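Enquirer: Got a structure for you, written out below as structure tokens; questions coming shortly.
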Amino acid sequence: MNIDFKKLDNVNGELTITLEEKDYADKVKKQLREIGKNRPEPGFRAGHVPMGLLEKKYGTAVKYDVVNKAIVDALYDYIKENNLRVLGQPVPDKDNELKDGETEYTFKFKVGLAPEIDLKIGKDMKVPYYTIEVTDEMVDQEITALRKRFGVQGPGEETEPDAVIKGVISELNPDGSVKEDGIVVDNGILAPIHFTSEEQKKLFEGKHPGDIVTFNPAASCNTNVTEMSSMLNIDKADVENHKGDFNFEIKEIIVLKPAELNQEFFDNAVGKDKAHNEEELKAAVKDLIKDQLKGESDYRFSIDARNIIEKSIGNVQLPEEVLKHFLISQNEQLNKENIDEEFTKIRSQLVWDLTKDDIVAKFKIEVSEDDLMNEARVAVYRQLSQYGPASLTEGLIEHYAKEVMKDQKNRDSFERNALNKKIYETIKENVTLDNKELSIEEFRKLYTA
């Protein structure tokens with residue numbers, strides 16, 4: 001067997017593989033003998049079929065299988081052994097063909113090669129890093145939200161925007177009188193905050209137990225059949241017959257009472273013993289907001305760093321013919337008619353993926369098992385945080401982190417996340433950061449500029 005590789009240009013190469021009969025003859029005979037052992041032929045027992053008969057009946061098909069496998073194995077072994085950075089998959093030459101009667105075969109493959117990228121990451125590269133200012137107003141808003149989150153529902157004397165109202169729902173005639181034999185729901189429940197109509201919501205503002213409100217159920221939910229069926233306790237098929245007005249006699253108003261500013265609330269809001277008074281609560285909440293906003297700052301940094309690095313690299317040549325061939329083979333929605341347009345859309349991401357590979361290689365970035373566990377802990381933390389800081393014990397987080405790590409899909413996802421974080425942390429460490437503090441409004445404008 002002979003294998004020859006030549007570069008056609010900076011990102012394309014051609015592999016030529018030549019097989020002589022001696023390269024595959026023994027394997028063909030071996031496979032034919034296996035067929036003879038396991039497959040009887042008329043007049044012969046399995047294991048006693050003459051080789052001549054096997055060659056005549058199966059020789060051509062077996063030879064094609066053996067030669068094809070030898071070609072493919074040789075192709076990928078050469079790529080691996082010679083550390084060729086191949087993109088996509090090798091594209092076979094249109095003249096590659098196994099012809100009857102031939103004993104020597106030559107196959108050619110076009111291969112796409114990863115381009116050499118001129119990385120210029122260093123301290124002379126300046127990248128902005130925006131820190132979002134945490135204001136007293138933001139802290140107060142967060143504390144208000146936390147007090148609602150850990151508040152309790154109880155009777156109220158007046159309706160509030162998020163109140164739940166209980167009472168009697170009675171159907172009316174067009175003249176406003178109560179309809180005889182009309183619908184009456186004695187245990188009706190409404191939550192006006194979920195009404196789709198602002199006009200219907202306003203009808204329930206500032207009301208008290210004992211008040212009667214005339215409203216239109218159909219208008220309150222844009223005639224949603226499921227909503228009306230539930231509200232009026234009727235079959236969905238009957239909804240169409242009850243689109244008029246109804247009275248709602250308020251019997252009880254349930255409001256959410258914000259949590260008291262006490263130690264129980266402090267522990268629930270920011271973690272046990274992390275705050276003991278309002279001043280410490282505000283400081284702890286401010287730190288929480290800073291931690292949450294750091295993710296926003298890091299995400300913005302990733303956008304700016306990518307833009308600046310890509311600009312410094314300039315235009316990158318790609319083996320477009322090979323890549324387009326590969327993409328079509330992997331996606332049934334792509335074809336020769338639309339591949340040019342689709343390739344234009346993804347070209348930038350392909351170049352950036354290659355750039356990240358080079359960053360990993362240049363700075364010798366590796367992902368350890370500890371990195372994966374940290375990603376698992378973060379995922380578990382986010383999941384458990386909906387139940388409040390009190391549930392975020394180290395032991396519980398560690399237990400569930402180990403559990404989610406048992407799933408290979410989770411491990412793959414954690415590895416991607418950890419590697420991506422390390423790439424941007426490495427960039428951050430090796431460039432000069434232009435630190436700037438912005439208000440939340442100024443920060444948001446960065447995405448509209």
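The values are calculated or read from the model by the stated rules, or taken from the named source; none is laboratory data. Because the structure is predicted, anything quoted here is derived from the model rather than measured. Reconstructed Cβ throughout: ideal geometry from the backbone, glycine too, with neighbour counts over all protein chains shown. Surface areas here come from the heavy atoms of the whole protein model, side chains and all, with no ligands, DNA or RNA. Shrake-Rupley method; radii C 1.70, N 1.55, O 1.52, S 1.80 Å.
Enquirer: If you roll a 1.4 Å probe over the chain with all protein chains in place, what percent of the accessible area is carbon or sulfur?
Expert: 46
Enquirer: At 7 Å along Cα-to-Cβ for each site, give me the label-to-label distance between Asn224 and Glu81 in nm.
Expert: Roughly 6.7 nm, to one decimal.
Enquirer: Starting from the Cα of Lys29, step 7 Å along the direction of its Cβ; do the same at Glu366; then give the gap between the two resulting points in nm.
Expert: It is 4.8 nm.
Enquirer: Viscosity 1.567 mPa s, temperature 4 °C: give me the Stokes-Einstein translational D for region 250-401 in µm²/s, with Rh taken as the Kirkwood radius over C-alpha pairs.
Expert: 62
Enquirer: Please find the FRET efficiency linking Asn435 to Lys336, where r is the Cβ-Cβ separation and R0 is fixed at 51 Å, and quote it to the nearest 0.05.
Expert: 0.55
Enquirer: So if I restrict to the alpha-carbon atoms in the chain, what is the Rg, and what is Dmax, the biggest pairwise distance, in Å?
Expert: Values for the chain (Cα only, Rg and Dmax): 35.5, 103 Å.
Enquirer: Okay, next question. Quick one: accessible area per residue over the chain, 1.4 Å probe, rounded to a whole number of Å²? Kindly include the intermediate steps, with their values, before the conclusion.
Expert: Details: 27720 Å² over 449 residues.
That works out to 62 Å² per residue.
Enquirer: For a test of the definition: using alpha carbon positions, the gyration tensor, and the 1.5 limit on a/c, classify region 38-168 as rounded, prolate or oblate. Before the final figure, lay out each step's value.
Expert: Values: a/c = 5.92, a/b = 2.15, b/c = 2.75.
Oblate.
Enquirer: When all protein chains stay in place, what accessible area (Å², nearest 10, 1.4 Å probe) is found for Met231?
Expert: For Met231, the solvent-accessible surface is approximately 20 Å².
Enquirer: Here's something else I'd like to know. So how much accessible area does Val178 have, in Å² to the nearest 10, using a 1.4 Å probe?
Expert: 90
Enquirer: Add -39500 (n - 2.57) for each DSSP H run of 4 or more in the chain, then divide by its residues: what number comes out at 222 nm, to the nearest 500 deg cm²/dmol? Intermediate results must be reported in sequence, preceding the final value.
Expert: Values: 14 runs with 215 residues, N = 449.
Helices in the chain give a 222 nm mean residue ellipticity of -15500 deg cm²/dmol.
Enquirer: Taking the radius of gyration and the Kirkwood hydrodynamic radius from Cα positions alone, what is the Rg/Rh ratio for region 4-104, to two decimal places? Display every interim value, and only then the final one.
Expert: Numbers: Rg = 17.8 Å, Rh = 15.9 Å.
My calculation puts Rg/Rh at 1.12.
Enquirer: Output the relative contact order of region 212-258, whole-number percent, from Cα pairs under 8 angstrom with separation of 6+ residues.
Expert: Values: 43 pairs, mean separation 22.8, N = 47.
Reported relative contact order: 49 percent.
Enquirer: Which FRET efficiency value, to the nearest 0.05, is calculated for Val184 and Asp140 with the Förster distance at 35 angstrom and r the Cβ-Cβ distance?
Expert: 0.20
Enquirer: Would you work out the relative contact order for the chain, in percent, from Cα pairs under 8 angstrom that are 6 or more residues apart?
Expert: About 19 percent, as a whole number.
Enquirer: Rounded, prolate or oblate: which fits region 311-449 when a ≥ b ≥ c are the square roots of the eigenvalues of the alpha-carbon gyration tensor, with rounded for a/c under 1.5 and prolate only if a/b beats b/c?
Expert: Prolate, since a/c reaches 1.5 and a/b exceeds b/c.
Enquirer: Within the set of other residues whose C-beta is less than 12 Å from the C-beta of Arg33, count the net charge using Lys and Arg as +1 and Asp and Glu as -1.
Expert: +2
Enquirer: Give me the dipole magnitude in Debye, nearest 20, for the chain about the Cα centre, with unit charges on the beta carbon: positive for Lys and Arg, negative for Asp and Glu.
Expert: About 2340 debye.
Enquirer: Compute, for region 272-364, the length of the dipole vector about the Cα centre, with Cβ point charges of +1 (Lys, Arg) and -1 (Asp, Glu) only. Units Debye, rounded to 20.
Expert: Working: 16 positive and 20 negative charges, 68 e Å.
With only Lys, Arg, Asp and Glu charged at Cβ, the dipole is about 320 debye.
Enquirer: Could you please report the charge total around Val367, scoring K, R as +1 and D, E as -1 over all other residues with beta-carbon less than 14 angstrom from its beta-carbon?
Expert: -3
Enquirer: Please report the accessible area of Ser385 (heavy atoms, 1.4 Å probe, ligands and nucleic acids excluded) in Å², nearest 10.
Expert: Near enough 40 Å² of accessible area.
Enquirer: Using the Cα centre of region 68-146 as origin and beta-carbon charges of +1 (Lys, Arg) and -1 (Asp, Glu), tell me which of Ile71, Gln89, Leu113 is placed farthest towards the positive end of the dipole.
Expert: Going by the charge dipole, the pick is Ile71.
Enquirer: Moving to a separate point now. Of Pro174, Phe204, Asn187, which is farthest along the charge dipole of region 158-241 in the positive direction, counting Lys and Arg as +1 and Asp and Glu as -1 at C-beta?
Expert: Phe204
Enquirer: While we're looking at this one, here's another question. Could you calculate the contour length gain from Glu264 to Lys22, that is, 0.36 nm times the residue separation minus the distance between their Cα atoms, to one decimal place in nm?
Expert: 78.8 nm
Enquirer: May I ask you to compute the full-extension gain from Leu384 to Val72, defined as 0.36 nm times their residue separation minus their alpha-carbon distance, rounded to one decimal in nm?
Expert: Here the segment from Leu384 to Val72 would lengthen by 107.4 nm.
Enquirer: Roughly how big is region 196-314's charge dipole about its Cα centre, with Cβ charges of +1 (Lys, Arg) and -1 (Asp, Glu), in debye to the nearest 20?
Expert: 420
Enquirer: Based on Cα coordinates alone, diagonalise the gyration tensor for region 204-277, multiply each eigenvalue by 5, take square roots, and list the semi-axes in whole Å, largest first.
Expert: Details: eigenvalues 341, 58, 16 Å².
With the √(5λ) rule applied to region 204-277, the semi-axes are 41, 17, 9 Å.
Enquirer: Now a separate question. Of the beta bridges DSSP finds with both residues in the chain, what % are antiparallel, to the nearest 5?
Expert: Given both bridge residues lie in the chain, the antiparallel proportion sits at roughly 85 percent.
Enquirer: Given a Förster distance of 60 angstrom, what is the FRET efficiency for Glu55 paired with Leu327, based on the Cβ-Cβ distance and rounded to 0.05?
Expert: Approximately 0.90, to the nearest 0.05.
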